Amino acid sequence: LKAGRNFDLLTGIDLTIASNQQLVHKYFDDHNVLVAVMAPICTPFGPMGRHNRTQYPNAWQRSYDIAGPIAQFCGRLALQQLKRGRHFLCEQPHPSDLWKEEPWPEVLKFASVASVIYDRCMAQLILTSNPDKGMSVKKTSSITTSHPSLREPFRNLRCNNKHQHAEMNGRKQQLKECELWTWDE
């Protein structure tokens, strides 16, 4: 197996643009991609998104206007993979309202699709900037996949509370560091 292309802003692909979404769908068809690995923007869907939706509705709407189309695109890509007998992996914070976005409810009806919940501190999510440098972050997330072997590495990664966690106080640098997957993930 080999890795294929990466489709995100860092590689010059804006997934809010319909023509770029079509490019990705075509790439997946043309290259028979076995597994789509996805982590759609979680800002309006995660636990803080729920809070922001009621407390700061205008800010929440701005974040949803960007993230909503990408969430829906990822759902369509997952559906495309399933219908062709291929697979996907999607990471989100837990809990997440992403699964309410169309066509994710349809994706979740497939018998092969299931999730595993894990704590990112157990996958070595550690802050690298002061004043919390070296502190673990207990950020509960989920991996939703279409194949058990894609979920297996995340099983048994619930926090054992044998280490100290950084107090997440919403500082921009803390949040930025939590956007990145660790090497363990």
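Structure above, values below:
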quantity: Residue in the stretch 68-90 that is within 27 Å of Asn160 (Cβ to Cβ) and not aromatic (Phe, Trp, Tyr) present; calculated: yes
quantity: Condition broken by Ile17, with the remaining ones in (1) under 19 Å from Ser63 (Cα atoms); (2) under 19 Å from the mean Cα position of the chain (by Cα) satisfied; calculated: (2)
quantity: Subset tally (residues that are in a loop (DSSP other than H, G, I, E, B) and either open to solvent by less than 90 Å² (accessible area, probe 1.4 Å) or at positive phi (or both)) for the stretch 7-59; calculated: 19
quantity: Test: Asn161 is polar (S, T, N, Q), free of Cβ contacts under 8 Å to residues at least 24 places away in the same chain, farther than 17 Å from Pro47 by Cβ and out of contact with any Cys (no Cβ under 8 Å at 6 or more places or on another chain); calculated: yes
quantity: Complete set of residues in the stretch 54-70 that are over 15 Å from Leu15 (Cα atoms) and of a type in the set (Gly, Ala, Ser); calculated: Ala59
quantity: Near pairs, Cβ below 9 angstrom, 6+ apart or cross-chain, from the stretch 62-90 (part of a helix (DSSP H, G or I)) to any residue that is charged (D, E, K, R) and at pLDDT below 95; calculated: Tyr64/Arg53; Gln80/Asp29
quantity: Tabulated pairs, the stretch 112-129, first over 12 Å from Thr145 (Cα atoms) and of a type in the set (Gly, Ala, Ser), second outside any strand (DSSP E or B) and open to solvent by 50 Å² or more (accessible area, probe 1.4 Å), C-beta under 7 angstrom, 6+ apart or interchain; calculated: Ala123/Asp184; Ser129/Gln173
quantity: Candidates Arg120, Arg84 - the one that is open to solvent by less than 20 Å² (accessible area, probe 1.4 Å) and of a type in the set (Lys, Arg); calculated: Arg120
quantity: All positions within the stretch 107-117 that are surrounded by 14 or more Cβ atoms within 10 Å (Cβ to Cβ) and either in contact with a helix residue (DSSP H, G or I) (Cβ under 7 Å, 6 or more places away or on another chain) or not in a strand (DSSP E or B) (or both); calculated: Val107, Leu108, Val113, Ala114, Val116
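Results for (1) exposed (fewer than 12 other Cβ atoms within 10 Å of the Cβ); (2) within 19 Å of the chain's Cα centre (by Cα); (3) part of a strand (DSSP E or B); (4) small (Gly, Ala, Ser), shown as yes or no for each residue.
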| residue | (1), (2), (3), (4) |
| --- | --- |
| Pro131 | yes, no, no, no |
| Ser141 | no, yes, yes, yes |
| Arg151 | no, yes, no, no |
| Arg158 | no, yes, no, no |
| Asn161 | yes, no, no, no |
| Met168 | no, no, no, no |
| Glu177 | no, yes, no, no |
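The values are calculated or read from the model by the stated rules, or taken from the named source; none is laboratory data. Source: prediction; values computed, not measured. Positions of Cβ are backbone-derived with ideal geometry, glycine not excepted, and every protein chain shown enters the neighbour counts. Please note that ligands, DNA and RNA were not included when accessible areas were found on the heavy atoms of the full protein model with its side chains. Shrake-Rupley method; radii C 1.70, N 1.55, O 1.52, S 1.80 Å.
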